[in-house]
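Everything on this sheet refers to the single structure shown next.
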Amino acid sequence: MRKSVLLLLSSILILFSCSKEEEIIVPEIAYDYAGLVVGKFVIYDVDSITHDDFNSTIDTVSYQIREVVDSKFTDLEGEEAFKIIRYRRDSDTLNWNLIDVWNSKITATNFQKTEENIKYVKLIFPVKEDGTWDGNSMNNGGEVTYEFTIVDQAETIGPNSLESVLTVVQFDSPDKLIHPQLFEEKYARGIGMVYKKSLDLIRGNLSAPFNGYDVTMTLSSYGN
């Protein structure tokens with residue numbers, strides 16, 4: 001009897017110990033998904049499709065975008081931020097042309113990026129699957145729930161085999177027939193954004209042509 005009691009107590013202590021260990025496990029913060037290192041550049045292949053229901057036309061344009069983490073600076077909130085310079089060229093045989101200067105920064109809890117003077121919360125920390133947040137919490141665009149749907153998954157994007165990729169679904173419309181919308185970004189450790197889908201189409205009925213756009217940015221190359 002005494003031996004049975006001791007075995008039971010030992011089992012309870014082991015289970016309690018395992019339970020306590022599980023409680024203190026926290027998701028990895030994973031700031032490196034933002035890719036904010038001075039000198040780092042990323043080149044994207046862009047396919048832009050415009051649907052015009054008025055003229056019943058579909059126009060496709062392909063080009064490249066290059067984003068460079070140019071330098072650090074102190075922003076108006078007194079925090080460290082990074083200047084992002086963006087270039088465009090219509091083919092890989094042409095010179096790059098400056099198109100934008102954006103900025104980004106990492107705080108203890110999120111990754112922010114200001115695009116065309118609009119600040120978005122692109123990622124939150126720590127990174128964990130099914131994590132959600134308001135991507136428009138720092139602008140006037142109205143609440144939009146972003147969600148991590150995949151975290152730390154190997155994936156091939158363009159010609160690149162990447163070991164750790166996360167997916168952020170910013171909006172996915174349930175109406176796939178009349179008003180399909182999908183806004184999604186993917187990030188890779190040590191690189192930053194490696195894929196972006198911006199789809200917003202609408203039509204009056206199932207037999208009518210679509211109006212809107214479908215833009216895909218796919219990682220082509222990256223470096224320092």
- Query: Quick one: which of 105/176; 72/128; 40/105 span more than 24 angstrom between C-alpha atoms?
  - Reply: 105/176; 72/128
- Note on the structure: Labelled set [x] 35, 23, 18; [y] 41, 25, 17; [z] 42, 21, 14; semi-axes √(5λ) of the Cα gyration tensor in Å computed from this model equals the value at [y]
- For residue 79 and residue 215, FRET efficiency with R0 = 41 Å and r from the beta-carbon atoms, rounded to 0.05? 0.85
- Query: With a 10 Å Cβ neighbour count serving as the proxy for reagent exposure, in which order, fewest first, do 130, 32 appear?
  - Reply: 130, 32
- Note on segment 26-223: contact order normalised by length, alpha-carbon pairs under 8 Å, 6 or more apart, percent, works out to 22 percent
- Under a plain spin-label model, where a point goes 7 Å from the Cα along Cα-to-Cβ, how far apart in nm are residue 130 and residue 171? 2.5 nm
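Please report 179, 51 as a ranked list, fewest other C-beta atoms within 10 angstrom at the top and most at the bottom. Kindly include the intermediate steps, with their values, before the conclusion.
Working: 179 14, 51 19.
Neighbour counts put them in this order, fewest first: 179, 51.
With contacts defined as alpha carbon pairs under 8 Å and 6 or more residues apart, what's the relative contact order of segment 128-180 in percent? Intermediate results must be reported in sequence, preceding the final value.
Details: 83 pairs, mean separation 15.0, N = 53.
Dividing the mean separation by the residue count of segment 128-180 yields 28 percent.
What ranking of 172, 90 emerges when the number of other C-beta atoms within 10 Å of each C-beta is taken as an exposure proxy, fewest first?
Details: 172 15, 90 11.
Least to most surrounded, the residues fall as 90, 172.
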- Each label point is 7 Å from the Cα along the Cα-to-Cβ direction; what then is the distance between the points at residue 108 and residue 182, in nm? 3.8 nm
- Task: For n ≥ 4 DSSP H runs only, could you compute -39500 (n - 2.57) per run for the chain, divide by its residues and tell me the 222 nm figure to the nearest 500?
- Result: -3500 deg cm²/dmol
- Relative to the longest principal axis of the C-alpha atoms of the chain, give the angle of the C-alpha long axis of helix 2-23, reported between 0 and 90° and rounded to the nearest 10°. 20 degrees
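Read-outs throughout are calculated quantities, based only on the coordinates presented, and are distinct from any laboratory measurement. Just so we're clear, the structure is a prediction, and the values are computed from it rather than from any experiment. Cβ sites come from the backbone with ideal geometry, for glycine too, and all protein chains shown count toward neighbours.
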